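A short worksheet on the structure shown next.
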Amino acid sequence: MAKVDESPPLGVFYINKGTSMVNNTKIRKAVEKDYKILASLGAKTFRQTYKNKVKASDMGYYIKNTFNKNQVLKELKDPFFTILVASKKDKAVGYAKLLKSKIPSDSKHFRGIELVRLYVLKNYQEQKIGSKLLSECITIAKKKKFKYIWLGVWEKNHNAIAFYKKSGFKLFEKCKFNFGTEIHNDLLMRKRLY
């Protein structure tokens, strides 16, 4: 995997283990030259999360169309996206993506920003990196004066649902999500920021 760019981090977090400070995790805003890192990290974490849970052909199609150079660069250049990269010892291990978008439901509209993606490599998932990425996303959302941060999560992604509930997100709607040849049910969750 490519090394992480040395751009100044948005935040630096340390995780306590016993009495010593270890597991330095840096979180910073992604830049255009990170497209290879994000494409690789996106494809790998997506496979790790959904392998044996969705059709292989659907996964392959999704990865090919979502984590390619053109798509990743398009998102990095789009001012409506904010993409964060988490790294440990100069290795990218997770990322999060925020998007100023409309809420995909018929429910009452609210001023919110969407957490489109939050993924961490499997080998790093018990190190609170997802929590640190989410915390940084919430900080950004508050600075931009959004009342809510919201997301869609597949109803069968039980680990993610538990993580978001523990982080204060509440279900507000369900919707259909077209994933390749199948239609999945997504839970829409939100967290009030102020």
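The values are calculated or read from the model by the stated rules, or taken from the named source; none is laboratory data. Please read all numbers here as calculations on a predicted model, not as lab measurements. Every residue, glycine among them, receives a Cβ derived from its backbone with ideal geometry; neighbour counts consider all protein chains shown. For accessibility, only protein heavy atoms count, side chains too; no ligands or nucleic acids. Shrake-Rupley method; radii C 1.70, N 1.55, O 1.52, S 1.80 Å.
Please get the size of the charge dipole for segment 53-194, origin at its Cα centre, with Cβ charges of +1 on Lys and Arg and -1 on Asp and Glu, quoted in debye to the nearest 20.
560
Send over a whole-number figure in Å² for the accessible area per residue of segment 54-139, probe 1.4 Å.
Here the per-residue accessible area is 53 Å².
Under the rule a/c < 1.5 gives rounded, and otherwise a/b versus b/c splits prolate from oblate, where does segment 51-194 land using the Cα gyration tensor?
Because its axes are fairly even, with a/c under 1.5, segment 51-194 counts as rounded.
Test of understanding: what is the full-extension gain from K51 to K122, defined as 0.36 nm times their sequence separation minus their Cα-Cα distance?
Difference between extended and current length: 24.3 nm.
When you count, for each residue, the other Cβ atoms within 10 Å and take the mean per peptide, how do 83-89, 55-61 rank with the highest first?
Most protected by this proxy first, the peptides run 83-89, 55-61.
Taking a ≥ b ≥ c as the square roots of the Cα gyration tensor eigenvalues, with a/c under 1.5 meaning rounded and otherwise prolate when a/b beats b/c, else oblate, which class fits segment 30-107?
Because a/c hits 1.5 or more and a/b fails to exceed b/c, segment 30-107 counts as oblate.
Using the alpha-carbon centroid of each, what span in Å lies between segment 174-188 and segment 62-137?
The two parts, judged by their Cα centres, are 19 Å apart.
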